[in-house]
There are 2 protein chains.
Amino acid sequence: MKKQVQHTIKDVAAALGLSVSTVSRALNNHPHISQETKQRVQEVVEKLDYRHNALAASLRNSRSNMIGLIAPRITMYFQSTVITAIQNKLHEYGYNLMVCQSNDLPAIEKELVKVMYASRVEGLIVSSTLYTEDFSHFDIFNRANIPLVFYDRVPREYPAHKIQGDDYQGGYQTTRHLLEQGARQIAYITGPLSCKLYSDRYEGYKKALREFEVEPNDNLIFCHELNKENALQTCELLFADGTFPEAVFAGNDTTAVAVVQYAKERGIAVPAQLKVTGYSNDSRTEIIEPPITSVEQFPYEVGVQAATLMMELLEQNSKPGQNYISLTTPIELVKRQSSGL
Amino acid sequence: MKKQVQHTIKDVAAALGLSVSTVSRALNNHPHISQETKQRVQEVVEKLDYRHNALAASLRNSRSNMIGLIAPRITMYFQSTVITAIQNKLHEYGYNLMVCQSNDLPAIEKELVKVMYASRVEGLIVSSTLYTEDFSHFDIFNRANIPLVFYDRVPREYPAHKIQGDDYQGGYQTTRHLLEQGARQIAYITGPLSCKLYSDRYEGYKKALREFEVEPNDNLIFCHELNKENALQTCELLFADGTFPEAVFAGNDTTAVAVVQYAKERGIAVPAQLKVTGYSNDSRTEIIEPPITSVEQFPYEVGVQAATLMMELLEQNSKPGQNYISLTTPIELVKRQSSGL
DNA sequence: ACTTTCTTTGCAAACGATTGCAGGAATATT
DNA sequence: AATATTCCTGCAATCGTTTGCAAAGAAAGT
């Protein structure tokens, strides 16, 4: 309640009978400043509770040290792990992270892009909405030549750097595994196919079926947002008349868990009568009975890659090399009991 | 690759033959500016790809519109949900969130506080490290009269606003429930008791024991960081010589899950031979077999409260009312099979 | 016609740091 | 003793907005 005043570099300078430039340089550990002066500056700084104004510094040298991140929602295991990695990595480089959520709404995403732009982030890392098909609101970043990196939910065509798990392989290997376990009728529950990662996976699924000369059956394809409620509705359809497929390939673990629980309630034996797989390998898959086969995406590594790429782009940002980097990160099928292993 | 130049308000003014002040006011929708002028400004702004510089604006009116958040780690279900709520709420008020993780290391927390301070956040929301006992690094915020709100991992004595789940009740109700189910030897696995929330819970535990006239047994108290590895080690001790307690009150769900799985492997029936409860009510508790009794903390509401409080503090920030708010949010014991229900 | 009021705009000083350039003092070189 | 070199430090412009004050022109009141 006493000193409401915020001291500036000027006050520090005055207290020492120095100029502001000297103080500034001392604080930035400039080589031309004597050790003794630095020492004295440091003392006064602490005595006065001097608060560095990063805003002013940023304005002057147009470097905000801030990276923006837009994710659909940060509660999902995959997302929060990626963000954890990104934040840790950026911190190593002295960068801060401004985090926003689109809640899977394209309108909010659009608004957030503008906010980030005006906030002078030096780079933007994005996992887009499930429903973003028009990416033109990101144009401002491209035009201003500010690094733009997408991860996981990446655009299909839009010119930008992209880091995506190997969803084609994920879809392929999982399906192939189910086929090898003897299943032929494999129901496929997927998120919106407008989203690249889901369509990639779907391609993998079809490829595996072709290899086993299984005719795809449109009645077994279900496409909707992958939450518990939708999953249970789909189950109602799938198990309607007492008949059901030999396997369900669920697009995420929430869905796979719902399917397993639904089956258990109906007295359907997993994996004997019904094989189930999920995607993302979140912590629930290994504790449910039976444990669920799922696809590990190594989210922490994805995050490290995204942050590292961003840092590289910032270092050589003058370079106008127009070639966009497209990274595919490996996945690993984790086989568990639910698929018959 | 063409227009590297970033246009400023000055360019817009020049293009229109207006002054910068007029343009600034037009952009801020100032009432003294005619509709026609605003219209024309808007057009040129779009044509020139003008990018508002929030840094400069912040510097000028010393409002960064940024709130800082420091959490131990954002992957934990409880944390990511709280943060989700906070970010959504702040967005409603036009504020942005800068997120950092201490990784439960006091040294990093200390550093982050300084970074946030220099970044001119208008307020700081914190869930501290498990091991933070000295909170003096937060003094700079108090001295500068910048709102400081703790949640979940709140300090015991330190003067600041606090939002904490009702851990005393959580500990009490859970223990009482186990006692009512007939258990008398109740092992208690807790995080470091230096952390207020754990000691509050422990008090609740002891209170319930007293009410049932059960003598506390130090051999049943285990205190360590609550991860899977530690939990399994504790199990080794607890079940060493073939004997084991009637119940385990685990300090979080990760620990409870580990205990249940350990018991299952040893052929110990839960809840018949051993009752188990967890804490946080994360999604694993209801899908494991048997489902685990746990304590719902309503993390989304906690986040909303934290953000709302912060917004209130910012509005009446001139007010030097030194009374700190201490909110206790309700919890709910969710009874499931693992405790014998 | 003259004063008053209202609307719309411009001038110029902040905000707090950084940095190129120049200059003074101290030391080394010839 | 004079010059060159090195080491520190200061001056002042700059980053891009915002905003108090003043003023010009139009409209209105008497």
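The values are calculated or read from the model by the stated rules, or taken from the named source; none is laboratory data. Because the structure is predicted, anything quoted here is derived from the model rather than measured. Using ideal geometry, Cβ is built from the backbone for each residue, glycine included, and neighbour counts are taken over all protein chains shown. Surface accessibility is based on the protein's heavy atoms, side chains included, excluding ligands, DNA and RNA. Shrake-Rupley method; radii C 1.70, N 1.55, O 1.52, S 1.80 Å.
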Inset, instruction - Starting from residues that are touching a Pro at 6+ places or on another chain (Cβ under 7 Å) and open to solvent by 10 Å² or more (accessible area, probe 1.4 Å), keep the ones in the stretch A:68-85 and report whichever is farthest from the other protein chains (Cβ to nearest Cβ). - result: A:Phe78
Inset, instruction - Mind listing whichever residues of the stretch B:127-156 are more than 17 Å from B:Gln101 (Cβ to Cβ) and not in a helix (DSSP H, G or I)? - result: B:Glu133, B:Asp134, B:Phe135, B:Ala144, B:Asn145, B:Ile146, B:Pro147, B:Leu148, B:Val149, B:Val154, B:Pro155, B:Arg156
Legend entry - Selection status of B:Asp139, closer than 24 Å to B:Ile74 by Cα, open to solvent by 30 Å² or more (accessible area, probe 1.4 Å) and not assigned by TED's automatic domain parsing to the domain that holds B:Arg266: no
Inset, instruction - Quickly run through the stretch A:2-22 and pick out the residues that are open to solvent by 40 Å² or more (accessible area, probe 1.4 Å) and either over 18 Å from B:Tyr117 (Cα atoms) or in contact with a strand residue (DSSP E or B) (Cβ under 9 Å, 6 or more places away or on another chain) (or both). - result: A:Lys2, A:Lys10, A:Asp11, A:Ala14, A:Ala15, A:Gly17, A:Leu18, A:Ser19, A:Val20, A:Ser21
Inset, instruction - List every residue pair whose Cβ atoms sit under 6 Å apart, with the two residues 6 or more apart in sequence or on different chains, where the first one lies in the stretch B:86-111 and is more than 7 Å from chain A (Cβ to nearest Cβ) and the second, anywhere, is aromatic (Phe, Trp, Tyr) and open to solvent by 10 Å² or more (accessible area, probe 1.4 Å). - result: B:Pro106/B:Tyr131
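With respect to B:Ser64, determine if the residue is within 10 Å of DNA strand D (Cβ to nearest atom), touching a helix residue (DSSP H, G or I) at 6+ places or on another chain (Cβ under 8 Å) and under 26 Å from A:Ser62 (Cα atoms). First the steps, then the outcome.
On the way: within 10 Å of DNA strand D (Cβ to nearest atom): no; touching a helix residue (DSSP H, G or I) at 6+ places or on another chain (Cβ under 8 Å): yes; under 26 Å from A:Ser62 (Cα atoms): yes.
So B:Ser64 does not fit the description; no.
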Inset, instruction - Identify the residue in the stretch A:100-126 that is part of a loop (DSSP other than H, G, I, E, B) and in contact with a Ser or Thr (Cβ under 7 Å, 6 or more places away or on another chain) and, among all such residues, is most open to solvent (accessible area, probe 1.4 Å). - result: A:Leu105
Inset, instruction - Scan the stretch B:23-51 for residues that are surrounded by 17 or more Cβ atoms within 10 Å (Cβ to Cβ) and under 37 Å from the mean Cα position of the chain (by Cα) and jot them down. - result: B:Leu27, B:Arg51
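Tell me, please, whether a residue that is within 13 Å of DNA strand D (Cβ to nearest atom) and out of contact with any helix residue (DSSP H, G or I) (no Cβ under 8 Å at 6 or more places or on another chain) can be found in the stretch A:2-15.
Applying the first criterion (within 13 Å of DNA strand D (Cβ to nearest atom)) to the stretch A:2-15 yields A:8-10, A:12-15.
Then drop every residue that is not out of contact with any helix residue (DSSP H, G or I) (no Cβ under 8 Å at 6 or more places or on another chain), which leaves A:8, A:14.
For the stretch A:2-15, residues within 13 Å of DNA strand D (Cβ to nearest atom) and out of contact with any helix residue (DSSP H, G or I) (no Cβ under 8 Å at 6 or more places or on another chain): present.
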Inset, instruction - Kindly list, by first and then second residue, each pair from a residue in the stretch B:248-269 that is outside the structural domain of B:Leu238 (by TED's automatic domain parsing) to a residue that is assigned to a loop (DSSP other than H, G, I, E, B), limited to pairs with Cβ atoms under 7 Å and residues at least 6 apart or on different chains. - result: none
Inset, instruction - Show the residue pairs that are 6+ apart or on different chains and have beta-carbon atoms under 6 Å apart, the first residue being within the stretch A:59-79 and farther than 17 Å from A:Tyr95 by Cβ, the second being open to solvent by 60 Å² or more (accessible area, probe 1.4 Å). - result: A:Leu59/B:Leu59
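Taking strands (runs of 3 or more DSSP E) that do not extend beyond the stretch A:212-300, which have at least 2 residues that are over 30 Å from A:Gln87 (Cβ atoms), open to solvent by less than 10 Å² (accessible area, probe 1.4 Å) and at pLDDT below 95?
Working: elements: A:221-223, A:247-250, A:275-277, A:294-296.
Hits in the stretch A:212-300: none.
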Legend entry - Failed condition for B:Glu203, given (1) more than 30 Å from B:Thr75 (Cα to Cα); (2) open to solvent by 20 Å² or more (accessible area, probe 1.4 Å); (3) out of contact with any Ser or Thr (no Cβ under 9 Å at 6 or more places or on another chain): (1)
Legend entry - the stretch A:52-64 - residue that is open to solvent by 30 Å² or more (accessible area, probe 1.4 Å) and facing chain B (nearest Cβ under 7 Å) and, of those, farthest from A:Glu122 (Cα to Cα): A:His52
